[in-house]
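Here's the structure, in C-alpha cells; my notes come after.
Nothing in this text is a laboratory measurement; each read-out follows from the coordinates by a stated rule. This one's a predicted model, so the numbers in the text were calculated from it and none came from an experiment. So basically every Cβ, Gly included, is an ideal-geometry build from the backbone, and we count neighbours across all protein chains shown.
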Amino acid sequence: MASHKSPTTRRYTPEFKERAVRLVMQLREELGRDHGTIQRIAEQLGCGVESLRTWVKQSDIDAGAKPGVTTADAARIRELEQENRELKRANAILKSASGFLRGGARPPTAVMVDYIDQHRELFGVAPICEVLQVAPSTYYTAKARPPSKRQLRDDVISVVMVALWQANYSVYGARKMWKAMHRAGHTIGRDQVARLMRHNGLRGIRRGAQVFTTRPDKDAGRAPDLVKRDFTADRPNALWVTDLTYVATWSGMVYVCFITDVFSRTIVGWTVATNMRTQMVLDTLEHARFNRGAVLESLVCHSDAGAQFTSIRYGERLAELGAQPSIGTVGDSYDNALAETINGLYKTELIRRRGPWRTVDDVELATLQWVHWFNTERLHSALGDVPPAEFESAYDAHRSTSQLVETQ
C-alpha cells in the first residue's frame, strides 16, 4: 500500500494560496453560504483544511471584512523586529569591541581579526564586519595569510606570560608583569606586555572597600603614637606594624593577624584563629619572635587601638622582646596605614579570588602559601619592584661589605 504524505508537511506557494482563497470565495458566491466551502475546496485541491481556513481568514482581514492584523502590517512588524534585532546586535558588537575602539584611531588589522575570531560564533563574520566597517575580504585574506614573525613570537611569549601571571596569584597588572617578565629573563617592552595581556584577557586586581575590625577597650591605658604616620625604617626590626582582619567561611568567621616589618615589607608573623582574643595576637608575636630573634632592642611595634593591643599581656610580651608599643587613634586607618594595606592586599589577592572558604583549616593553609609568595616572590613597588626577601638580602650584603671595608 502506497504511503501518502501528510498535507500539513507540504509547502504552498503564494500563487497556490491565492488560487485556493479565490476558489473558496467563488464557491461561497455560487452556494450563497460559507458552511462547508473551505473543507470542500481543501479536499479537491489536496491541501490542509486548517491551512486553507487560515488563508481565507487572512484574506478577509486584508479586505477589511474582519478585524485583525493585515498582511502588510504583519510584514512591517517583522521588518521592525528584524531592525531591532540588528540594532541590538550592533550595540553588543560595539560594546564588546569598546576596548580597542576607545582610542578613536582604526585598530590594526591583526587586532580586528583576533576580535572577529573570538566573536564570530556569537555574532557572525558579516555583521561584525558591517558594524566595524571592515571588508569581509580583509578578514578572510588575513586568515589565509601565513602567521607573521611577530604573531609567532607573540604566541610563544603569551604562553610564558599567562603561566607567570597565574603563578603570581593572577594579580599583576601590566607594569608588574613587565617587571616580572624581565626578572624571568624575557626581554619585552611594557607596551607589548600591555597588548598581550589585553589579548589574553589578563587583568590586574583592584583593591576593595576597607572594613574596620578595631574594637577599642575604653578603660584600658594606651601607649603613645611613636610613629606619627611615618612608616619608614632604615633597617630591619626597627619598626613593625600589626593589625587584624577577618575572613567569612562556611563554618563561621575566621580572624587573621599579621605583623609586618616596615623596612622590607616582610610579613614576619601571622596567625589564623576563630576569635579575636588577645591570645591570637600573642601567638602572632611569638611567630615573629621565632623568625626575627628573642630580643630586639629599640624595636617599635605599632598597632591600632584595639583591645588586643592595649591589653596588659600584650605590653608585657613586647617588653620581653625589648620592644616599645605604639598605638594610633581609634577609627583612623591612616594611623596604621601600612598594616591596613597588608590586610587589603591579603583580602584582594587571596581571599576574594579563591573563595568561598569552607573551614579555618582551608584559610590557614592558603594563608601560609600566600605569605610565602608575598615574602619571597611578590614584587613590591615600594622596594624597587623586588621581593622582600631579596631586598633584605641586598641590605645584608651591603652591610657586610661596608663592615669589611671599615675593618681594612
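Brief remarks follow.
- Most mobile listed residue (Asn343, Asn237, Asn291) in the chain, GNM with C-alpha springs under 10 Å: Asn291
- The residues packed around Arg289, meaning those with a beta-carbon under 11 Å from its beta-carbon, carry a net charge of -1 if Lys and Arg are +1 and Asp and Glu are -1.
- In the chain the longest region clear of trypsin sites (Lys or Arg not before Pro) that are loop-assigned by DSSP and have at most 14 other C-beta atoms within 10 Å covers 103-202.
- Of (i) 66, 48, 42; (ii) 71, 52, 46; (iii) 125, 59, 49, the label for Cα extents along the principal axes in Å derived from the coordinates: (iii)
- Helical runs (DSSP H, four residues minimum) scored at -39500 (n - 2.57) apiece and divided by the length of the chain put the mean residue ellipticity at 222 nm at -17000 deg cm²/dmol.
- Largest mean-square fluctuation among Thr341, Thr367, Thr13, in a Gaussian network model of the chain whose springs join Cα atoms under 10 Å apart, belongs to Thr13.
- Reachable aspartates and glutamates from Lys88, criterion Cα separation under 18 angstrom, eight or more residues apart if same chain: Glu79, Glu121, Glu130
- DSSP beta bridges fully contained in the range 239-397 are about 65 percent antiparallel.
- Highest-MSF residue in the chain out of Val24, Val160, Val193 [GNM, Cα springs under 10 Å]: Val24
- Three-way shape label, the range 14-68, alpha-carbon gyration tensor, a/c 1.5: oblate
- Rounded to whole numbers, the Karplus 3J(HN,Hα) couplings from phi for the range 23-35 are 5, 4, 4, 5, 5, 4, 5, 5, 8, x, 7, 9, 4 Hz, using 6.51 cos²θ - 1.76 cosθ + 1.60 with θ = phi - 60°, and x at Gly and Pro.
- Here the range 239-302 and the range 28-47 have alpha carbon centers that stand 93 Å from each other.
- Relative contact order of the chain, pairs being alpha-carbon contacts under 8 Å that are 6 or more residues apart, as %: 11 percent
- Size of electric dipole in the chain: Cβ of Lys, Arg +1 and of Asp, Glu -1, about Cα centre, debye, nearest 20: 1760 debye
- Taking a straight line from the alpha carbon of Lys57, these lysines sit under 21 Å away, with near neighbours fewer than eight places off in the same chain left out: Lys17, Lys66.
- Annotation: the residues Glu86, Glu130, sorted from fewest to most other C-beta atoms within 10 Å of their own C-beta, follow the order Glu86, Glu130.
- Other residues lying with their Cβ under 12 Å from the Cβ of Gln58 contribute a combined charge of 0, Lys and Arg counting +1, Asp and Glu -1.
- Residues whose amide H lies under 5 Å from that of Val268, counting only those 5 or more places away or on a different chain, are Ile259, Thr260, Asp261; hydrogens are built 1.01 Å from N in the peptide plane.
- Within the chain, percent of DSSP bridges classed antiparallel, to nearest 5: 70 percent
- Relative contact order, percent, the range 239-397 [alpha-carbon distance under 8 Å, six or more residues apart]: 23 percent
- Within the straight-line cut-off of under 19 Å between alpha carbons, the aspartates and glutamates reachable from Lys176 are Asp154, Asp191, Glu349, Glu377, Asp385, Glu390, sequence neighbours fewer than 8 places apart in one chain being disregarded.
- Amide H to amide H, with H built 1.01 Å from N, Trp357 comes under 5 Å of Trp250, counting only residues 5 or more places away or on other chains.
- Residues whose amide H falls under 5 Å from that of Leu299, counting only those 5 or more places apart or on a different chain, are Gln324, with hydrogens built in the peptide plane.
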